[in-house]
There are 4 protein chains.
Amino acid sequence: MADLLLDLVVASRTLAEHGVIDAYGHASARSETNPQRYFMARNLAPELVTREDILEYDLDSNAIDANGRALYKERFIHGEIYKARPDVKAIVHNHSPTVVPFACTGHEMRPIFHMSAFIGLGVPTWDIRDAQEGTDMLVSSPYLGAHLAKQLAAHPAVLMRGHGSTVVAENLPRAVGRTIYLEMNARMQFQAVMLAGPGGYINYMDDAEVAANVSWQNYDRSWELWKKRALER
Amino acid sequence: MADLLLDLVVASRTLAEHGVIDAYGHASARSETNPQRYFMARNLAPELVTREDILEYDLDSNAIDANGRALYKERFIHGEIYKARPDVKAIVHNHSPTVVPFACTGHEMRPIFHMSAFIGLGVPTWDIRDAQEGTDMLVSSPYLGAHLAKQLAAHPAVLMRGHGSTVVAENLPRAVGRTIYLEMNARMQFQAVMLAGPGGYINYMDDAEVAANVSWQNYDRSWELWKKRALER
Amino acid sequence: MADLLLDLVVASRTLAEHGVIDAYGHASARSETNPQRYFMARNLAPELVTREDILEYDLDSNAIDANGRALYKERFIHGEIYKARPDVKAIVHNHSPTVVPFACTGHEMRPIFHMSAFIGLGVPTWDIRDAQEGTDMLVSSPYLGAHLAKQLAAHPAVLMRGHGSTVVAENLPRAVGRTIYLEMNARMQFQAVMLAGPGGYINYMDDAEVAANVSWQNYDRSWELWKKRALER
Amino acid sequence: MADLLLDLVVASRTLAEHGVIDAYGHASARSETNPQRYFMARNLAPELVTREDILEYDLDSNAIDANGRALYKERFIHGEIYKARPDVKAIVHNHSPTVVPFACTGHEMRPIFHMSAFIGLGVPTWDIRDAQEGTDMLVSSPYLGAHLAKQLAAHPAVLMRGHGSTVVAENLPRAVGRTIYLEMNARMQFQAVMLAGPGGYINYMDDAEVAANVSWQNYDRSWELWKKRALER
């Protein structure tokens, strides 16, 4: 468990360094000993997270040991997805900037770069307005979290209209790597769409290539680098 | 008052770090004890501002305690807006790069990202040429400041053609946060407009969502991060 | 040989600093004493490479002195090109972000900037799908490496669909410089294509200009700078 | 003279920090005591320039005190412009990335941002091919330097096709500031052209505004900041 908490520190700092979360995203990991629990920081900018800031939550997103510390308003993203998806062990909610234009235009994200192959498993878009009119855009209730989880379904990520995205995986390095390369894919796909012009052809990864890549891609070599960078600071 | 001056140092460095002001923007805050006064740095690049550089001004933008120190030529932006808008407690004049193409093309800014919800309150564009022909583009007189304030009206920000923008708020963290996320929104909206193509649909925040978000959004978690970064340097 | 290993350290760190490789590219250099051998790091993010991490390989990409250390899966890129191209003394495999949109749309890269003149010698695109269906996109076998080398032919670089590119040269500074300026050219060419519009004219370098430039361009002054930066860290 | 040499160090480092020169641009200043002489570094990346690296040149671009040190191949840019333009006291030759797409498409640069008002004085484009076919693109002879100077004429800058630009001014801070804001203008104008679409209207600074601004704009507050940054390193 100690390692998992340290990995959450690494994840938080790495996501901030890559500009895919500002002060407002969060990374979580399911407990390795109790699948009905997950770990995530208290209400704090990810860049500032230390081991001592990480709390344990139940799947209704109640903190077990808050001791009066404030919690993320959007913690229900995590709890509700962990409920709906027993395969998911790690979640990143981000404000990745270049996915927002895709989410707001309905332009489908496609896997244009092999490091982003997981996009080929499908990345739906969730519009909070379909769940509730007139929200402040935050996933601040169990209902909204469950509605998001339903749109995520079995996919590796869900874009959130006017907001960012939520990315899930079987382990934390994979969730962090997918988040970083979702942003990279968005930038590359934007340029490809512009170069190709209306109706132009873009050669994306095909389903067989996606399947061959996502089966093993845990961003191991990246994680080693990110860990070294994060802990040296 | 001591805290407000320190907050102005934090604001100045934070805006510089985020690239929304170069050597030429400025942040101000209305005095908490005398609403006819405001605080702002002497003529100095924001990145270099320390507590000792901050002067007190009356609403005609005369410095009370300049002691021969040079003043910003565009201080009238601040004084005239404080006169016209009693609700405004903090102002940022910036050279945010991506708003300029919007201001020069008449392309309306719309709220595409929940951190930028305030844009939904309306962001008009001011053209200095409508106030005076042949200026050097600087708001260097009470007349120009008042003309800008009139175009701002009750809005949270006003774009300035060929120049940047001026952003106002009920407190300094909100003014700083709005400035940073105005730039983010411009970048995202630019890409969305390109992806959507001429006449294409973009799903912006609606009025109810805007209203629900702007009522509480003070960028608290960001401010905590920015303060820590600014004061550690 | 000591200098060549140090130069590989400089090359690795420089490529990472310029954002043309993430954790996954690699630079190699042919042995100066035995043309049937080349040097390249063990499986490690380039940013972390030190002299001790560099191994010697034969042209079948077997490591001579691995001592159990893990190897890059895509080392066959290097071995197979060294086999096919006796003139090549250095190779960089990269994930240069802005070349991917070119490779995926079939938009031909052309030399728009004199530092990137070598592009005028022709930069073909390789699609791994033409060699093998359903791969994970990695050049992880001698067959795939040889297929890539065949598409590279006598050119200075080959774009890799959905992946990045591989750049070759007569010496390591030239291979590193070409990699960095291939990315710069992609960014400039993207903007020029957008400005020119469909069918618009772009004034690229002509063949005589390319020939006059590539004959001597070793990026000497850059290399001196990059070496100083890389070794000071 | 000591101050002018120090200012050249500040200029070199500042231009590198702003990404408008890579290892290959150079800044020069005319001697304050002998208008037939100018100062510029030996052949060295600008980022590395110290006071000891700065040499004195005559207007034929012979170094007076090289003592065997290598010279910039393109020093004739400087000498020939100083000959042709007695009003010019400082010159920056740069590889500013976003001006290249303008120079290669014939898209005229216009002043879109008040910090870049000088563009309104006219920024012609020079194509080295008009002077000589089949060059390596470098201004490596007095003939080419004089040809460039002729195209510059009385303007504040000249774009160089496939290369970058050369910017001139009455003093060094102005030449450095103009170089940095030429790049900023190119980025903003690119986005405005995209937003406006073919034939769309862009509200540029008009001639009276340009005239009112360029008369005094020496980037004083920027220079104070850049000097502090450059000398603290």
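The values are calculated or read from the model by the stated rules, or taken from the named source; none is laboratory data. What you see is a predicted model, and the numbers here were worked out from it, not measured in a lab. Every residue, glycine as well, gets a Cβ built from its backbone with ideal geometry; the counts of neighbours run over all protein chains shown. Each accessible area value is taken on the protein alone, full model and side chains, heavy atoms only, with ligands, DNA and RNA left out. Shrake-Rupley method; radii C 1.70, N 1.55, O 1.52, S 1.80 Å.
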According to a simple spin-label model (label point 7 Å from Cα along Cα-to-Cβ), what is the distance in nm between C:ALA153 and C:LYS73?
3.0 nm
Each residue of C:219-229 has, on average, a number of other protein chain C-beta atoms within 10 Å of its C-beta equal to 4
Label-to-label distance, nm, for residues given as D:THR33 and D:GLU52 (7 Å Cα→Cβ offset)
2.2 nm
Farthest towards the positive end of the dipole of the protein assembly as shown, among B:PRO86, A:HIS95, C:ASN62 and with Cβ unit charges of +1 on Lys and Arg and -1 on Asp and Glu, lies the Cα of C:ASN62
Residues with amide H under 5 Å of D:ALA169's amide H, sequence separation 5 or more or different chain, H placed in the peptide plane at 1.01 Å from N; which?
D:LYS89, D:ALA90
At 25 °C in a medium of viscosity 0.890 mPa s, chain C has a Stokes-Einstein diffusion coefficient, with Rh taken as the Kirkwood radius over alpha carbon pairs, in µm² per second, of 138 µm²/s
All alpha-carbon distances of the stretch D:114-205, grouped into 5 Å bins from 0, give the whole-percent distribution 3, 12, 21, 20, 17, 14, 9, 4, 1
Considering only the label points, 7 Å along Cα→Cβ from Cα, what distances in nm to one decimal separate A:PRO142 from the same position in each other copy, shortest first?
6.2, 6.2, 8.7
Determine the dipole magnitude for chain D: charges of +1 sit on the beta-carbon of Lys and Arg, -1 on that of Asp and Glu, nothing else is charged, the reference point is the Cα centre, and the result goes in debye to the nearest 20.
200 debye
Since chains C and B are linked by a rotation, which residue in C has the beta carbon closest to its axis, and how far is it in Å?
C:MET194, 4
Grab chain B and count how many Lys pairs have their alpha-carbon atoms under 22 Å apart, sequence gap of 8 or more, or different chains.
6
Summarise the partner chain shielding of A:99-109 as one whole number: the mean count of Cβ atoms from other chains within 10 Å of each residue's Cβ.
6
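Just need the relative contact order of chain A here, percent rounded to a whole number, with Cα pairs under 8 Å and 6+ apart. Intermediate values should be presented prior to the final figure.
Values: 426 pairs, mean separation 51.7, N = 233.
Taking the mean separation of contacting Cα pairs over the length of chain A, I get 22 percent.
In what sequence, highest mean first, do B:208-218, C:144-154 appear when ranked by Cβ atoms within 10 angstrom? Before the final figure, lay out each step's value.
Numbers: B:208-218: 17.0, C:144-154: 19.0.
Answer by packing, highest mean first, reads C:144-154, B:208-218.
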Go through the stretch C:98-110 residue by residue and turn each phi into a ³J(HN,Hα) via Karplus (6.51, -1.76, 1.60, θ = phi - 60°); whole Hz please, and just put x for glycine and proline.
7, 7, 4, x, 5, 5, 8, 10, x, 6, 5, 7, 10
How far is D:GLY199 from the same spot in each other copy, in nm, shortest first, if each label point sits 7 Å from Cα toward Cβ?
1.4, 1.4, 2.0
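Averaging sequence separations of C-alpha pairs under 8 Å and six or more residues apart, then dividing by the length of the stretch D:58-104, give the relative contact order as a whole percent. Walk me through the intermediate numbers first.
Working: 20 pairs, mean separation 15.5, N = 47.
Relative contact order for the stretch D:58-104 comes out at 33 percent.
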Under 5 Å between amide H atoms, partner at least 5 residues away or on a different chain: which partners does A:LEU55 have, H built in plane at 1.01 Å?
A:MET40, A:ALA41, A:ARG42
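For Cα pairs less than 8 Å apart in space and 6+ apart in sequence, what is the mean separation divided by the residue count of the stretch C:136-213, i.e. the relative contact order in percent? Write down the numbers at each step before the final one.
Numbers: 27 pairs, mean separation 9.7, N = 78.
It comes to 12 percent, rounded to a whole number.
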For the stretch C:121-167 and the stretch A:35-93, compute the distance between their C-alpha centroids and round to whole Å.
44 Å
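State to the nearest 20 debye the size of the charge dipole of the stretch D:46-169 about its Cα centre, where the only charges are +1 on K and R beta carbons and -1 on D and E beta carbons.
Details: 11 positive and 15 negative charges, 64 e Å.
Taking the Cα centre of the stretch D:46-169 as origin, the dipole is about 300 debye.
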Would you tell me the mean number of C-beta atoms belonging to other protein chains that fall within 10 Å of each C-beta in C:201-210, as a whole number?
5
The protein assembly as shown - charge dipole about Cα centre, Lys and Arg +1 at Cβ, Asp and Glu -1, debye rounded to 20:
480 debye
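So how do D:191-197, B:93-99, C:196-202 stack up, highest first, on mean other-Cβ count within 10 Å?
Working: D:191-197: 20.0, B:93-99: 24.9, C:196-202: 11.9.
Peptide ranking by packing, descending: B:93-99, D:191-197, C:196-202.
Say R0 is 56 Å: what FRET efficiency, to the nearest 0.05, do C:TRP216 and B:ASP65 get from their beta-carbon distance? Please list the in-between numbers first.
Details: r = 62 Å, r/R0 = 1.11.
Once rounded, the FRET efficiency stands at 0.35.
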For B:ARG37, list long-range residues whose amide hydrogen, built 1.01 Å from N in the peptide plane, is under 5 Å from its own amide hydrogen.
B:SER31
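Report, to the nearest whole %, how much of the accessible area of chain A belongs to carbon and sulfur atoms, 1.4 Å probe, protein only.
50 percent
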at D:GLY19 the sorted inter-copy label distances (label 7 Å from Cα on Cβ side), in nanometres, are 0.5, 0.5, 0.7
Calculate one ³J(HN,Hα) per residue across the stretch C:42-57 by plugging θ = phi - 60° into the Karplus curve 6.51 cos²θ - 1.76 cosθ + 1.60, and present them in order as whole Hz with x for glycine and proline.
5, 4, 7, 4, x, 4, 9, 5, 10, 4, 5, 8, 8, 10, 9, 10
If you take the accessible area of D alone plus B alone and subtract the pair, what total do you get in square angstrom, rounded to 100, with a 1.4 Å probe?
2900 Å²
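Excluding C:GLN189 itself, calculate the net charge of residues whose Cβ lies under 10 Å from the Cβ of C:GLN189, where each Lys or Arg counts +1 and each Asp or Glu counts -1. Write out the running numbers ahead of the final one.
Values: positive: C:ARG110, C:ARG187; negative: C:GLU108.
Computed value for this residue: +1.
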Using the Karplus curve 6.51 cos²θ - 1.76 cosθ + 1.60 with θ = phi - 60°, what ³J(HN,Hα) values do you get for each residue of the stretch D:167-175, in whole Hz, with x for Gly and Pro?
10, 10, 6, 7, 7, 5, x, 5, 5
What is the distance in Å between the Cα centroid of the stretch D:181-217 and that of the stretch B:207-226?
33 Å
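Rounded to the nearest whole Å², what accessible area per residue is found for the stretch B:30-159 with the 1.4 Å probe?
Heavy-atom accessible area per residue stands at 36 Å².
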